[in-house]
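Every number in this text was worked out from the coordinates using simple rules, so none of it is lab data. Model, not experiment: these values are computed from the prediction. Backbone-built Cβ (ideal geometry, glycine too); neighbour counts: all protein chains shown.
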Amino acid sequence: MANSQEKHDIEETKNERRSTPEPSLNANRISTATPDLLFSGGGAAVMMARRGGNDTESSSSTNSSPAMAKNEVTKTSSTGGKKSAALPLKTMPTTSAFTPFNLLKNSESDDSAAVYAKKLKNRNKLNLKRKVLHVAFGLFFATLNQIIPRKTFLPGMTILTTGTLIMELMRFRKGFGWMNDALHTCLGSALRKQEMQGKFTGSFYYFLGITACAYAFPTNAATLGICQLALADPSASYFGQKTRHVYWSRIENGLGGFGRNKGILGFLGGALFCVPFNYRMLSIAKWGAEGVPGGRNAVLIASLALGVAGAFSDLAVPTPALTMPKTILGVPVPPFHVDDNFVVPIFSAFACTKIFDALGWSQELELGKFLFF
């Protein structure tokens, strides 16, 4: 009797199992899959979830193309061998292959600089927009040096340079990516690729060179030095890139790095480009009743000599620039390097004082208030 009762209970249990529909693979079971198993890229999305007994689940994909709209996950029972209805899954967003899904959010939000870098040109490209901005900012600051008293101009430039340095030190740190966004919004394609890959922008060295020049030299020499930065640097670069196919003019490795990867024709083009601008500025200077010592020939000589000084200092800075080591005694060092934006105005202003002495001109010579008029 007991045996027949047990058989009856077993048979009833089997009937209950047959009548109960099998649970489908739902969102709750999908959510139990570890995020590390979710990958974006060209491969199929794989979801594995465990269940009791001898049942196993597998996912299959009929197409491995990134354009596949849906993946199907099927469940196969080891006892019945039957497949349940396929459950479509949303395709994971496509970024770089095999990027864990749980890391996508951080990498996309914190690495805007890398996105900008892909759109920017390297230093071997002509980049006329950058050169035009270089000239405009240089002449602007040279004019400010003329019309604003030194006691006001120097503190203002010091604040601007310090603020730029802080920006350069912070903009690649986590949480400060907005600085790169602002920088790209303001300067756009005038930036270089490497300036969004961890290097300082030329702006810091530009402001630092102007500040040091205004501090170390008389107003007229500082103004003329800043003008050589504005004119000789971009023009030498322009002519150098336009004549880079003239191999005999290329310096290649230079002498101990001097002039490395630059050209003689670029140097000459930069020097001559500055002459008419220098001549105009010196011609309208306030020479007094006696006029220019040495006459117009002296003005022409000084104009050419200043252009040569500016182009020569640009030529002297090698490409790529000499950089600080990444660490000193195990301590990380910011990516400082020797930049022509710093070297050109200082060397040119120094040369200006020597040219004035050689021609017997006063170091206190007052230039035109607005440089060219």
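For the pair Phe258 and Ala358, what calculated FRET efficiency results from E = 1/(1 + (r/R0)^6), where r is the Cβ-Cβ distance and R0 = 22 Å, to the nearest 0.05?
Numbers: r = 25 Å, r/R0 = 1.12.
Efficiency, from the Cβ-Cβ distance: 0.35.
Distance between the 7 Å Cα→Cβ label points at Thr152 and Glu290: 3.3 nm. Each Lys or Arg adds one and each Asp or Glu subtracts one; over the other residues with Cβ under 15 Å from the Cβ of Met281, this totals +3. Pairs with C-alpha atoms separated by more than 28 Å, drawn from the list Lys119/Lys242; Lys118/Lys262; Lys121/Lys242; Lys151/Lys369; Lys262/Lys369; Lys151/Lys199, are Lys262/Lys369; Lys151/Lys199. A straight chain from Leu133 to Val338 at 0.36 nm per residue would run longer than the Cα-Cα distance by 71.7 nm. Here the gap between Ser249 and Val331, fully extended at 0.36 nm per residue and compared with their Cα-Cα distance, gives a gain of 25.4 nm.
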